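Accompanying notes for the structure given below.
The values are calculated or read from the model by the stated rules, or taken from the named source; none is laboratory data. Please read all numbers here as calculations on a predicted model, not as lab measurements. Reconstructed Cβ throughout: ideal geometry from the backbone, glycine too, with neighbour counts over all protein chains shown.
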């Protein structure tokens, strides 16, 4: 899989923001999901105070999933391990580009995973 591109034009950034807005809207009625705070330097979605989805500062959509699921998506070429910028790949976080599996589905999967772990 090609690396998630980090340089974006103004129109591409607008499309990214619009794509994330659709994810945010998908959780509008879920009272346990909040938006805000900082995680990896980005504002994202949280469940029970724990971050589960966000847009990275480089424009990649990032979600937290079980290690096995992350490995599956990476192996299939649908995602890559998320690197928050210090060269250490995160084993429970993936970054996906615009041609990735449905972001809303991934966010729902991440919300379930993080919500179950948060108690």
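Tabulated values for the structure
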{"item": "Filter result for residue 55 (closer than 19 Å to residue 104 by Cα and without any contact (Cβ under 8 Å) to a residue 40 or more places away in the chain)", "result": "yes"}
{"item": "Filter result for residue 59 (over 20 Å from residue 18 (Cα atoms), in a loop (DSSP other than H, G, I, E, B) and modelled with pLDDT under 90)", "result": "no"}
{"item": "Residue in the range 100-115 that is surrounded by fewer than 21 Cβ atoms within 10 Å (Cβ to Cβ), assigned to a loop (DSSP other than H, G, I, E, B) and touching a residue at least 40 places away in the same chain (Cβ under 8 Å) present", "result": "no"}
{"item": "Subset of the range 78-100 [more than 24 Å from residue 21 (Cβ to Cβ) and at pLDDT below 90]", "result": "85, 86, 87, 88"}
{"item": "The range 56-93, subset closer than 18 Å to residue 24 by Cα and in contact with a strand residue (DSSP E or B) (Cβ under 7 Å, 6 or more places away or on another chain), residue surrounded by the most Cβ atoms within 10 Å (Cβ to Cβ)", "result": "63"}
